[in-house]
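Visitor: Structure provided below as structure tokens; questions to follow.
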Amino acid sequence: MRKPIYIHTPKLKIARLFAAGLILAKAEKADLLALPYPKEMKNELEKFTRNLLSWNQLQKRIIELMGSYGYSWLNIEEPLFLGLRLIRERNPRLKLFLYGSISEEDEKYRLISDLLALALKCKLKGRIEVREWRQILNRYHRSQIEIKDKKAIIVVEDRSQIPRDSILVEALPGYVESPIERLFSLQISEQVIKDYIEYVTEYLVRYSTIDYAYFKWVKDRGFRGLIARLSDSFINMLSINEY
């Protein structure tokens, strides 16, 4: 490896699964694996990847650290967490670096909760106050990642965290930004807010998993490209647990 490899991994369960496979394929050539997880869980994660802690024990500890929202957080992260054991078996010397924190996760949870409440308020009142949305979004700060190890694999959720001229691998090739991501990445406008409200009320609230809601949205919006062509397969696969 001549440069660090950045794996863009959207906040979807299936993206976490694909990321685990990509990391496993490159694990033997890496010295460091950087993950967007709270550093407070590093000891437990180290023990888990070395088979010194069971999956149930790890889950219990994470819920203790994160509180009630830890259940939904764990549901998305499960494929990558479980994949880490295989990755560690492939390369026992691989170092784990967690660049998040519990305080950051708490703030994200509060921010998303405030945005959801505002979306429902706008839906009921039938009007959008852009100023209110700006006030909430101004609280959001992206984590900065500084990895100098050339033999590092870095999992990121936001493309803006990836330095220029870096090696970028997409966990979901052809991925289309969801209205949630567009709300954070684009200049705030009434249309961007409307798209977000529609996504929340017509998809996230309606369907039981974020993955199903996302791929249903991709299909309904008629996007083209690889992710759109695969959306039917993903929906059929996810439908097994949807109803």
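The values are calculated or read from the model by the stated rules, or taken from the named source; none is laboratory data. Note that this is a predicted model, so its numbers are computed, not measured. Glycine also receives a Cβ, built like all others from the backbone with ideal geometry; neighbour counts cover every protein chain displayed.
Visitor: Just to be sure before I move on: is Gln135 polar (S, T, N, Q) and over 30 Å from Leu33 (Cβ atoms) in the structure I sent?
Guide: So Gln135 passes the test.
Visitor: Pairs only if they're at least six apart or on different chains, beta carbon under 7 angstrom, first in segment 152-168 and part of a strand (DSSP E or B), second aromatic (Phe, Trp, Tyr); list them, first residue then second.
Guide: The qualifying pairs are Ile154/Tyr6; Val156/Tyr6; Ile167/Tyr6; Leu168/Tyr6.
Visitor: Now, a different point. Can you list residue pairs whose Cβ atoms sit under 7 Å apart, with the first residue in segment 174-192 being outside any loop (DSSP other than H, G, I, E, B) and the second being β-branched (Val, Ile, Thr)? Count only pairs 6 or more apart in sequence or on different chains.
Guide: Arg182/Val192; Leu183/Val192; Glu190/Ile128; Glu190/Val130
Matching residues to (1) within 29 Å of Lys148 (Cα to Cα); (2) not small (Gly, Ala, Ser):
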position	(1), (2)
Gly70	no, no
Glu77	yes, yes
Leu80	yes, yes
Arg93	yes, yes
Gly100	yes, no
Ala117	no, no
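Visitor: Related question: Taking into account only those residues within segment 127-156 that are among the β-branched types (Val, Ile, Thr) and touching a Lys or Arg at 6+ places or on another chain (Cβ under 8 Å), which is modelled with the lowest pLDDT?
Guide: Per the criteria, the residue is Ile128.
Visitor: While we're looking at this one, here's another question. Step by step: first the residues of segment 80-115, then only those that are touching a residue at least 60 places away in the same chain (Cβ under 8 Å) and of a type in the set (S, T, N, Q), then the one that is surrounded by the fewest Cβ atoms within 10 Å (Cβ to Cβ). Which residue is that?
Guide: Ser101
Visitor: Pick from Tyr203, Tyr212, Tyr196: which is part of a helix (DSSP H, G or I), in contact (Cβ under 8 Å) with a residue 40 or more places away in the chain and more than 30 Å from Lys95 (Cβ to Cβ)?
Guide: That would be Tyr196, the only listed residue that is part of a helix (DSSP H, G or I), in contact (Cβ under 8 Å) with a residue 40 or more places away in the chain and more than 30 Å from Lys95 (Cβ to Cβ).
Visitor: Picking from Glu104, Glu40, Glu77, Glu46, which residue would you name as being at pLDDT 95 or above, among the acidic types (Asp, Glu) and in contact with a Ser or Thr (Cβ under 8 Å, 6 or more places away or on another chain)?
Guide: Step by step, each of Glu104, Glu40, Glu77, Glu46 is checked, and only Glu40 is at pLDDT 95 or above, among the acidic types (Asp, Glu) and in contact with a Ser or Thr (Cβ under 8 Å, 6 or more places away or on another chain).
Visitor: Mind listing just one residue for me: the one in segment 46-79 that is among the acidic types (Asp, Glu) and closer than 23 Å to Leu12 by Cβ and, of those, surrounded by the fewest Cβ atoms within 10 Å (Cβ to Cβ)?
Guide: Step by step, filter segment 46-79, then rank; the result is Glu78.
Visitor: Return the pairs, sorted by first residue and then second, in which the second residue is loosely packed, with under 14 Cβ neighbours inside 10 Å and of a type outside the set (Gly, Ala, Ser), the first residue lies in segment 116-145 and is touching a residue at least 24 places away in the same chain (Cβ under 8 Å) and under 17 Å from Thr201 (Cα atoms), the beta carbons are less than 6 Å apart, and the residues are 6+ apart or on different chains.
Guide: Ile128/Glu190
Visitor: Quick one: in segment 11-45, of everything that is among the charged types (D, E, K, R) and under 14 Å from Glu77 (Cβ atoms), which residue is surrounded by the most Cβ atoms within 10 Å (Cβ to Cβ)?
Guide: Only one residue fits best here, namely Arg16.
Visitor: Out of the strands (runs of 3 or more DSSP E) lying entirely within segment 1-118, which hold 1 or more residues that are more than 18 Å from Gln161 (Cα to Cα) and of a type outside the set (A, V, I, L, M)?
Guide: 95-100
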